[in-house]
Amino acid sequence: MTDSADPLRIADGLAETDAAAAVVEKPGNLHLVSDATGETVNSVARAVLSQFRDVEPVEHAWTLVRTRGHMDKVIAGIEAFPGPVLYTLINETLRGRLTDACRRIGVPAISVLDPVMHALVSYFDVATVGRPGLQHEMDAEYFSRIEAMNFAMAHDDGQQLSGLPEADVVLTGVSRTSKTPTCIYLANRGIRAANVPLVPGVPAPAELVDLKGPLVVGLTKDPMRLVQVRKNRLRLLTERDDGSAYADLEAVKQEVAEARRLCSSKGWPTLDVTRRSIEETAAAIMTLLARHRRQASP
């Protein structure tokens, strides 16, 4: 004779199933609210979400929120698609309106800058200016970034070698080591960056080898990974892998080794970008640049 099923256990099992389904079905929305361009709150969201494997919420970006009418639209959007709210707002009235609404709707509202602001106010014993979007004003720093961007484009891929002494940083390395995107990223931080490719069988240009003043950084990559990238590049350009030395493993190994020897002989620091993002590479270069400038200062 078999035991009959325990009704209480069945009920508990159904409750657990319902709870699990409720978790899966929980609205996957994330609201990013800013009184400026939203760059800061978006960057914070990117950094935080990268720490979760299976969380991919639908993002609702609300930028330049500076009026009560605009805030009412934001709140209506949160009501329609409930989810956590990350915000950067200076105006106290708008902040209060948003947080009160989130409390009523039942979703968290987090000011991403408040902990930092409060800590710095306490430490420096000064008040904040209280104006939104100050980091995006068209001031000297803004125009410096624009100038750096123009410089990077004009001195990309070995162009205008005579202008290298005007650079803050010159990147060099073999083909497909992310020199150009790294220069663009650095330019967006106001750093004048140029890049010069090292071509196998062709001597490095004298303008690079004899360069004094700017920091020169060599970028390198694991030969196996470099071959994969180059083969993909060839397929995109020619729809076939023609077996040229450009993507031949032994030839690439020699090419990378020669580039490393050049950097070593000139005392240029090298960065292996195989497992680095553009942002990580640029951060390492900015650290090297700060050290370079300290050593160059009297």
| Got at least one residue in segment 108-116 being at pLDDT below 95, in a helix (DSSP H, G or I), farther than 30 Å from Pro203 by Cα and among the hydrophobic types (A, V, I, L, M, F, W, C)? | yes
| task | From the list Asp54, Asp100, pick out the single residue that is among the acidic types (Asp, Glu) and modelled with pLDDT of 95 or more. | result | Asp100
| field | Test for Asp210: is it out of contact with any Asp or Glu (no Cβ under 6 Å at 6 or more places or on another chain), free of Cβ contacts under 8 Å to residues at least 12 places away in the same chain and among the charged types (D, E, K, R) | value | yes
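Here is a yes/no grid of residues against (1) of a type in the set (Val, Ile, Thr); (2) over 18 Å from Asp100 (Cβ atoms); (3) in contact with a helix residue (DSSP H, G or I) (Cβ under 6 Å, 6 or more places away or on another chain):
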{"position": "Ser50", "(1), (2), (3)": "no, yes, no"}
{"position": "Arg53", "(1), (2), (3)": "no, yes, no"}
{"position": "Pro57", "(1), (2), (3)": "no, yes, no"}
{"position": "Trp62", "(1), (2), (3)": "no, no, yes"}
{"position": "Thr67", "(1), (2), (3)": "yes, no, no"}
{"position": "Ile75", "(1), (2), (3)": "yes, no, yes"}
{"position": "Gly83", "(1), (2), (3)": "no, no, no"}
| Of everything in segment 39-86 that's touching a strand residue (DSSP E or B) at 6+ places or on another chain (Cβ under 6 Å) and of a type in the set (Phe, Trp, Tyr), which residue is surrounded by the most Cβ atoms within 10 Å (Cβ to Cβ)? | Trp62
| said: Looking only at segment 35-62, how many residues end up being among the acidic types (Asp, Glu), free of Cβ contacts under 8 Å to residues at least 40 places away in the same chain and assigned to a loop (DSSP other than H, G, I, E, B)? | reply: 2
| task | With the condition kept exactly as written, say whether any residue in segment 211-218 is loosely packed, with under 13 Cβ neighbours inside 10 Å, over 24 Å from the mean Cα position of the chain (by Cα) and among the charged types (D, E, K, R). | result | yes
| note | Within segment 135-189, the residues that are within 20 Å of His292 (Cα to Cα), at pLDDT 95 or above and not in a helix (DSSP H, G or I) are Ala167, Asp168, Val169, Val170, Leu171, Thr172, Gly173
| note | Only one of Tyr142, Tyr185 is buried (at least 21 other Cβ atoms within 10 Å of the Cβ) and aromatic (Phe, Trp, Tyr), namely Tyr185
| Considering only residues of segment 92-112 that are out of contact with any helix residue (DSSP H, G or I) (no Cβ under 8 Å at 6 or more places or on another chain) and under 13 Å from His31 (Cα atoms), which is surrounded by the fewest Cβ atoms within 10 Å (Cβ to Cβ)? | Ile110
| field | Scan of segment 176-207 for residues that are without any contact (Cβ under 8 Å) to a residue 40 or more places away in the chain and in contact with a His (Cβ under 9 Å, 6 or more places away or on another chain), ordered by number | value | Cys183, Val196
| request: Just name the residue that is modelled with the lowest pLDDT out of those in segment 235-252 that are surrounded by fewer than 17 Cβ atoms within 10 Å (Cβ to Cβ) and under 30 Å from the mean Cα position of the chain (by Cα). | output: Leu237
| remark: Within segment 108-118, the residues that are free of Cβ contacts under 8 Å to residues at least 60 places away in the same chain and hydrophobic (A, V, I, L, M, F, W, C) are Ala109, Ile110, Val116, Met117
| said: So, Arg225, is that one in contact with a Ser or Thr (Cβ under 8 Å, 6 or more places away or on another chain), over 23 Å from Ser144 (Cα atoms), charged (D, E, K, R) and surrounded by fewer than 21 Cβ atoms within 10 Å (Cβ to Cβ) or not? | reply: yes
| said: Cβ contacts < 7 Å: first residue more than 17 Å from Thr182 (Cβ to Cβ) and outside the structural domain of Ile191 (by TED's automatic domain parsing), restricted to segment 144-155; second residue in a helix (DSSP H, G or I) and at pLDDT 95 or above, any location; separation 6+ or different chain. Result? | reply: none
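The values are calculated or read from the model by the stated rules, or taken from the named source; none is laboratory data. Everything quoted here is computed from the prediction, not taken from an experiment. All Cβ positions, glycine included, derive from the backbone under ideal geometry; neighbour counts span all protein chains shown.
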